[in-house]
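Engineer: This is the structure I have questions about; it appears just below.
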Ligand code: DNO
């Protein structure tokens, strides 16, 4: 396992030299945030970003993400050109020596929360989601402020996109994903790049938009749909856990058996009701994710790829991108590293073998 940390490029208020000081973090997860979705990533720009990361004593381990243009998800004719562009971007990434690409297939919105700074009893703040609150929230929050988004929509564009999706059933979205993967996975395979689809967050339809990457069965369907080693998943604990039906260690074992977990995001959440939860610090005792069992499942399946702490809370008066401050994510990286060391050592000494 290689511990990594997400960095939003030069605009990130956290400098790479601070990332370098987090114990045992060796890799950086980043992207070209200034290339519009659907455009080709210029190889020299990817190279430049990789060099910046190298110079800081780290390695550009994962591209998160090359965004998938909405016309691909909608199955519009423009997808032909856009998928070609996507393949060219994958090749640019491969040319710079980066071997993992995370992406998602969520219509319109990437991850969605209804509160970006919910107060927890210890005085920290965390991201939270509540289905009831979603009905009332101004969509401007989602459309303009969420980090990790490469797309901004004004009200008219948003309305027209939501309208376009009203004709798209879940089955149609599955077909569009398959169409995309049938074209992109072979290119990734020959370029030596592993594709890692990110689950939908939260893992259910929101605002009338279909969402399909929501369960272990869905992730298995995706990797079997285009059955090549390059077609894998990002195993994101925090995205999947809000649905109590998702048994994370069991899912990690099954996808691990298929050798298709290409990237791991670890985050903990606490369910507070039906379709309602908030994020917590990483330790198992603080939320509903049994992080130890997830680590054990991954370790037993021989996971050797990149992992990163996902969202953290805001602690110690830090200000920054919601979910992406330095301190709590650094604590998360250290905790995960400790769990991994414990699992590795106990298994190599024969204790706890299952
Ligand atoms: C949330 C992130 C996601 C992720 C994309 C992948 O913080 O995990 O925004 O980057 O869904 O395409």
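Engineer: Sorted by average packing, counted as other Cβ atoms within 10 angstrom per residue and highest first, what order do 283-292, 167-176 take?
Structural biologist: So the order, starting with the most tightly packed, is 283-292, 167-176.
Engineer: Set the Förster distance to 22 Å, then compute FRET efficiency between residue 48 and residue 17 from the Cβ-Cβ distance, nearest 0.05.
Structural biologist: Step by step, r from the Cβ atoms, then E = 0.75.
Engineer: Taking R0 as 22 Å, what FRET efficiency do you get between residue 55 and residue 26 from their Cβ-Cβ distance, rounded to the nearest 0.05?
Structural biologist: 0.90
Engineer: A further question on this structure: At what distance in angstrom do the alpha carbon centres of the range 81-115 and the range 13-51 lie from each other?
Structural biologist: Measuring centre to centre over Cα atoms gives 14 Å.
Engineer: In Å, the Kirkwood hydrodynamic radius of the range 195-354 over pairs of distinct alpha carbons?
Structural biologist: By the Kirkwood definition, the hydrodynamic radius is 16.2 Å.
Engineer: Ignoring everything except DSSP H segments at least 4 long, calculate the 222 nm mean residue ellipticity for the chain; use -39,500 (n - 2.57) per segment, divide by total residues, nearest 500.
Structural biologist: -11000 deg cm²/dmol
Engineer: Given an 8 Å cut-off on Cα distances and at least 6 residues of separation, report the relative contact order of the chain as a percent.
Structural biologist: 17 percent
Engineer: Let me ask another. Mind giving me the FRET efficiency for residue 136 and residue 317? R0 is 22 Å, r the Cβ-Cβ distance, nearest 0.05 is fine.
Structural biologist: 0.15
Engineer: Right, something else. Evaluated at 10 °C with a viscosity of 1.306 mPa s, what Stokes-Einstein diffusion coefficient in µm²/s does the chain have when Rh comes from the Kirkwood expression over alpha-carbon pairs?
Structural biologist: 78 µm²/s
Engineer: Multiply the residue gap between residue 167 and residue 245 by 0.36 nm, knock off their C-alpha separation, and tell me the result in nm, one decimal place.
Structural biologist: Length gained, residue 167 through residue 245: 25.3 nm.
Engineer: Stretch residue 304-residue 259 to full length: gain in nm at 0.36 nm per residue minus the Cα-Cα span?
Structural biologist: Working it through step by step, the gained length comes to 15.2 nm.
Engineer: At 4 °C and 1.567 mPa s, what whole-number value in µm²/s does Stokes-Einstein give for the translational diffusion of the range 19-102, with Rh from the Kirkwood sum over Cα pairs?
Structural biologist: D, rounded to a whole number, is 96 µm²/s.
Engineer: How large is log10 I(q)/I(0) at q = 0.14, 0.29 Å⁻¹ when the Debye formula is applied to the Cα atoms of the range 240-299, each weighted equally and without solvent?
Structural biologist: -0.38, -1.25
Engineer: Diagonalise the Cα gyration tensor of the range 67-114 and give the resulting equivalent ellipsoid semi-axes, square root of 5 times each eigenvalue, largest first, whole Å.
Structural biologist: Semi-axes, largest first: 22, 17, 5 Å.
Engineer: So for the pair residue 224, residue 117, with labels modelled 7 Å out along Cα→Cβ, what separation do we get in nm?
Structural biologist: Result: 4.7 nm between the two label points.
Engineer: Percent antiparallel among DSSP beta bridges with both residues in the chain, to the nearest 5?
Structural biologist: 30 percent
Engineer: Which length gain, in nm to one decimal place, applies between residue 80 and residue 190 when the Cα-Cα distance is subtracted from 0.36 nm times their residue separation?
Structural biologist: Full extension of this stretch gives 37.6 nm more.
The numbers here are math on the coordinates, done by the rules we state, and not lab data. Just so you know, these numbers come straight off a predicted model, no measurement behind them. Please note: Cβ atoms are built from the backbone with ideal geometry, for glycine as well, and neighbour counts cover all protein chains shown.
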